[in-house]
1. Roughly how big is the range 127-171's charge dipole about its Cα centre, with Cβ charges of +1 (Lys, Arg) and -1 (Asp, Glu), in debye to the nearest 20?
2. Please list, by residue number, every one of the GluC sites (Glu not before Pro) in the range 129-216 that is coil in DSSP and has at most 12 other beta-carbon atoms within 10 Å.
3. Tell me which of 102, 188, 171 sits at the most positive position along the dipole axis of the range 77-210, charges placed on C-beta atoms (Lys, Arg +1; Asp, Glu -1).
4. Let's test this: bin the Cα-Cα distances of the range 118-171 at 5 Å from zero up to the farthest pair and state each bin's percent.
5. Going by C-beta contacts inside 10 Å, put 168, 204, 138 in order with the fewest on the left.
6. Between rounded, prolate and oblate, where does the range 65-158 land on the alpha carbon gyration tensor, with a ≥ b ≥ c its root eigenvalues, rounded for a/c under 1.5, else prolate if a/b exceeds b/c?
7. Full extension from residue 118 to residue 93: what is 0.36 nm times the residue separation minus their Cα-Cα distance, to one decimal in nm?
8. Mind checking the full-extension length gain between residue 195 and residue 80? Use 0.36 nm per residue of separation minus the Cα-Cα distance, one decimal, nm.
Amino acid sequence: MDQIDEYEQGENVRKWLRQNGSSLVTGIALGLACVFAWQWWQGKGVHHEQEAATQFVALTDAIEANDAGRTASFAAVLAKDFPDSAYASLASLRVAAFQQSHGKTAEALSTLAKAQAAAKDPDLSEMLSLRLARLQLIAGKPGEAAKQMDRLPNSRFPAVAEELRGDIAMATGHREQAQKAYLAALTNLDQAAPTRRLVELKLIDAGGQPPTQPET
């Protein structure tokens, strides 16, 4: 009887395989295809970032060589082929600084505005916004800089943001607002921060007094 049961069980298994074997093989094939596709996609992503990094290094070299033509060319490639990469945003920061240093402030403002609108990473987006506001202030447009800062009520870089708010307030003659902003910046700065002394001097210039440093 045991032999009969084993024979029947074997027949049942073979019957099930004949009926479902095709689906089983297809399912395994699909599973393997998904695994290989994921591995390929991961490899493609790594390659994509490596290519973006290569273009960014080339851009940096062009800037250091003071080559405006090559700088513009590499910047265009990063913006077109690697818009999803952090290197595209970092490139815009470098390019804007390069343009400003050559007296092309309007072009630098345009570069930063376009990059900020396209940035997906929150930190990079805010970095671009802060740099845009700073350049607007430098360009004699404190009103536009103030509006830009109003879009950053909860900054990821509070020390930088508050210092910039203080600078904007000073530029528009609002010394009390500047004092509050500089004090807020100092609150978010470590005692050993290299920019702390500069912010303290700005606070004094605005008519304020830096907080007493704790005893060590």
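1. Result for the range 127-171 is approximately 160 debye, rounded to the nearest 20.
2. When the GluC sites (Glu not before Pro) of the range 129-216 are filtered for loop state and at most 12 Cβ neighbours within 10 Å, 215 remain.
3. Value computed over the given set: 102.
4. For the range 118-171, the pair-distance distribution reads 5, 22, 35, 23, 11, 3, 0.
5. On the way: 168 24, 204 13, 138 16.
Ranked by crowding around the Cβ, least crowded first: 204, 138, 168.
6. Note, shape of the range 65-158 comes out oblate.
7. 7.7 nm is the gain from fully extending residue 118 to residue 93.
8. Between residue 195 and residue 80, full extension yields an extra 37.8 nm.
Every read-out reported here was derived from the displayed coordinates using simple, explicitly stated rules and does not represent laboratory data. Just so you know, these numbers come straight off a predicted model, no measurement behind them. Note that each Cβ is placed from the backbone with ideal geometry, even for glycine, and that neighbours are counted across all protein chains shown.
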